[in-house]
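Report on one structure; see the data block that follows.
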Amino acid sequence: MRPSTHRSPRAQAAAAPAVANAKLVVASAEFLLSMVETRWSARNGDNSTMESGLRAQQELERIEQQIAKLEAVTPDEGTRHQIEELHARVHALREQVSAHLGAWEKTELARHPQRPHTLDYVERIFTDWSEIHGDRGFGDDPAMVCGMARFHGEQVVVLGTQKERDMKQKVYRNFGLPNPEGYRKALRVMKIAEKFSRPIFTFVDVTGANPGVGAEERGQAEAIARNLREMARLRVPIITAITGEGGSGGALAIAVADRVLMMENAIYSVISPEGCASIMWRDAAKKELAAQALRITASDLSELGCIDDIVPEPEGGAHVDHEAAAALLDAALSKHFAELRKLPSGELVASRYNKFRHMAQFLRVEP
Amino acid sequence: MKAILADRFQLQNYPITQLLNFMAWFKRQAGELDTSGEKKVRTEGLWVKCDDCRQIIWKKDLEENLNVCPKCDKHFRIDARARLAQLLDDNLYEVFDSNLVSTDPLKFVDLKAYSSRLKRAQADTGLKDAVINARGKLNGRPVIVSAMEYAFIGGSMGAVVGEAITRAIEQATDTKAPIIIVSASGGARMMEGVISLMQLAKISAALARLDEAKIPYISVLTDPTTGGVTASFAMLGDLNIAEPGALIGFAGPRVIEQTIRQKLPQGFQRSEFLLEHGMLDAVVPRKQLKPYIARALEFMAA
């Protein structure tokens, strides 16, 4: 229903029951919300938090939809006031919930099908995008997109893994799992960037290793390894954004960067929680425990010193509002890019080397 | 039964000791046939069965043959110390950076605490973590060798292995000595999570500097070399050579099988398969390993 500017007499006649109806809906929304609130505040222990967080979020979303519908029918002053109050309560609770989201819930958010993917960000953050295909050896890998673009007017190279939403496209992109030729294409394009002194932006959203026969035959390990070594010495600025899943070597293969940013609800891990659970617990159903134990959320990574910055997401997650998510990411990229471009290339390579050289030094020397 | 027997043989007339002897006709006394004590001590560990050809091999023969089955040429897994002994002249070498210890950064606990797994592995292997760095000579030429220890939590790579190998590479860069890294690893160490993942980047960055300094690096892949180790330093040698029959890959064969729901062909992800697909420079039998490396270093070193 849309609010109409011109109200016919008939619509006015219908307004009276509409107002009564609106009051009813507000009451029910209020009731639902108080249920969610009590359930949320009554939760105890880590396990129930992990279960209830996402559910609370989903319920809040539903309540908000209801309220949004109500607003559209322009109810009377009293109801409007009530609606505003409701909004505030939903907002407050949502903030609370997202602050307490467990690692597994973040994993589900990071994999949310409506989450913006690399090309969604490219479209919103960059201009003059023109794609570059192929590894000049075996083929073109649609799971890895690479190209030239402009970032606020500046010539840059953009590349990243690409997931999709509908089944046909998903199959075309191999569910965002690159083959060796994808990593090789990425490296080829990065070398072009280096040759012409253009900065590199990479976007990571990949589940993990490609469990395919072809990927092994064509040496995905070698392709990833080569990327790691070569990225460490590229003489142009590299900025990486982990936008969804940062899955082990496949993610790192395009993430040896001067700045590694991570979206608030993204994850970055050496193995998927399911994989870890089935190996360490011998039970894939223990994925929640594994997710917690592996410490894969953005705040974990930041504490462990493995990323440089966390990019906030719109309330409820990036999937709720693609425009807002892209704007927030754009702001973070701009900030770090401005810092990096001041550095001469020699210093850039040295500081990148030092960053990774001293990263993750969790050891002690025994006499 | 007892009552009938007692009646017939008038057992109550026998003294109790005789009665027990008599009962032994019917009942086997516990431990009567247990011959484990003496005999087991004599044979234990003297013979080994080859997993591939089922041949029973006298262990001493196997060891003299560098732990390669004399019948079918299966290369048995050997530990890091045996590896160093085989590669370095006169089994003489100086170990360095052997005192690095993991701090269990994630305080990881699965069915068992990682800290207790670490202690257990340290007690079992006598090492602090899954790698030994050594300085020694190979056919008279000073070299640095990092040998991974598979018996230490599957040779997995966490912060300590990452740091030790990086230091070995740095030492090679500084002293201009060629470096040989012998991989035997299941990959990144899950119990150190993303810390382990970052070791891939760290080691690879160090290898970039080694490469720029034009110092020879020979990567020797042994059974098994998988996951993050393959996807970093194991595949970045000037030469990547492997022992015959070694499992080498990134994704594990079981994971691939479960995903594609097909049985994998015989020999998939084995050294010979990788050689055929252009991923290895050579497959070298253990006996020829040292001469092969010596030959390569002769070619590469100034």
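The values are calculated or read from the model by the stated rules, or taken from the named source; none is laboratory data. Values in this document were obtained by computation on a predicted structure and should not be read as measured data. Cβ sites come from the backbone with ideal geometry, for glycine too, and all protein chains shown count toward neighbours.
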| task | For residue A:345, work out the one condition from (1) of a type outside the set (Val, Ile, Thr); (2) in contact with a helix residue (DSSP H, G or I) (Cβ under 7 Å, 6 or more places away or on another chain); (3) at negative phi; (4) more than 11 Å from chain B (Cβ to nearest Cβ) it doesn't fulfil. | result | (2)
| Given (1) at pLDDT below 95; (2) in the same structural domain as residue A:152 (by TED's automatic domain parsing); (3) surrounded by fewer than 16 Cβ atoms within 10 Å (Cβ to Cβ), index of the condition residue A:334 fails | (1)
| message | Exactly one of these conditions fails for residue B:148: (1) within 14 Å of chain A (Cβ to nearest Cβ); (2) out of contact with any Lys or Arg (no Cβ under 8 Å at 6 or more places or on another chain). Give me its number. | response | (1)
| Residues satisfying the stated conditions in segment B:246-266, i.e. out of contact with any Gly (no Cβ under 9 Å at 6 or more places or on another chain) and surrounded by fewer than 22 Cβ atoms within 10 Å (Cβ to Cβ) | B:247, B:253, B:254, B:257, B:258, B:261, B:262, B:263, B:264, B:265, B:266
| request: Quickly run through segment A:167-189 and pick out the residues that are more than 11 Å from residue A:223 (Cβ to Cβ) and of a type in the set (S, T, N, Q). | output: A:169, A:174
| Residues of segment A:308-346 satisfying the condition of being closer than 25 Å to residue A:106 by Cβ, among the charged types (D, E, K, R) and not in a loop (DSSP other than H, G, I, E, B) | A:309, A:323, A:330, A:335
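Regarding segment B:229-243, can at least one residue be identified that is farther than 26 Å from residue B:143 by Cβ and at the interface with chain A (Cβ under 10 Å from one of its Cβ atoms)?
Checked against the condition, which is being farther than 26 Å from residue B:143 by Cβ and at the interface with chain A (Cβ under 10 Å from one of its Cβ atoms), segment B:229-243 yields no hits at all.
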| Residue selected from segment A:348-366 under the condition in a helix (DSSP H, G or I) and at the interface with chain B (Cβ under 7 Å from one of its Cβ atoms), by the criterion farthest from residue A:302 (Cα to Cα) | A:353
| Taking strands (runs of 3 or more DSSP E) that fall entirely within segment A:86-198, which contain at least 2 residues that are crowded, with 22+ Cβ neighbours inside 10 Å? | A:144-151, A:154-161
| remark: Of the residues in segment A:278-329 that are at positive phi and small (Gly, Ala, Ser), the one that is nearest to the other protein chains (Cβ to nearest Cβ) is A:305
| query | Between a first residue in segment A:61-74 that is in the same structural domain as residue A:23 (by TED's automatic domain parsing) and a second residue that is outside any helix (DSSP H, G or I) and at pLDDT below 75, which pairs have beta carbons less than 9 Å apart while being 6 or more apart in sequence or on different chains? | reply | A:69/A:1; A:71/A:3; A:72/A:1; A:72/A:2; A:72/A:3; A:73/A:1; A:73/A:3; A:74/A:3
| query | How about segment B:115-137: which of its residues are in contact with a Phe, Trp or Tyr (Cβ under 7 Å, 6 or more places away or on another chain) and more than 9 Å from chain A (Cβ to nearest Cβ)? | reply | B:121, B:125, B:127, B:130, B:133, B:134, B:135, B:136
| request: Being over 18 Å from residue B:155 (Cβ atoms), among the aliphatic types (A, V, I, L, M) and assigned to a loop (DSSP other than H, G, I, E, B) is the filter; apply it to segment B:211-263 and report the residue that is nearest to the chain's Cα centre (by Cα). | output: B:215
| said: Looking for something assigned to a helix (DSSP H, G or I), in contact with a Lys or Arg (Cβ under 8 Å, 6 or more places away or on another chain) and either in the same structural domain as residue B:246 (by TED's automatic domain parsing) or at pLDDT 95 or above (or both) - is there at least one such residue anywhere in segment B:119-141? | reply: yes
| Residue ID - nearest to the chain's Cα centre (by Cα), chosen from residues in segment B:45-81 that are crowded, with 17+ Cβ neighbours inside 10 Å and assigned to a strand (DSSP E or B) | B:75
| remark: Of the conditions (1) under 20 Å from residue A:97 (Cα atoms); (2) buried (at least 23 other Cβ atoms within 10 Å of the Cβ), the single one that residue A:288 does not satisfy is (2)
| said: Here's a check for you: in segment B:152-183, which residue that is within 14 Å of chain A (Cβ to nearest Cβ), outside any helix (DSSP H, G or I) and in contact with a helix residue (DSSP H, G or I) (Cβ under 7 Å, 6 or more places away or on another chain) is surrounded by the most Cβ atoms within 10 Å (Cβ to Cβ)? | reply: B:157
| request: Tell me, yes or no, whether segment A:180-191 has at least one residue that is within 22 Å of residue A:326 (Cα to Cα) and touching a Leu at 6+ places or on another chain (Cβ under 6 Å). | output: no
| said: Can you say whether residue B:216 is under 22 Å from residue A:280 (Cα atoms) and more than 7 Å from chain A (Cβ to nearest Cβ), as far as the supplied structure shows? | reply: no
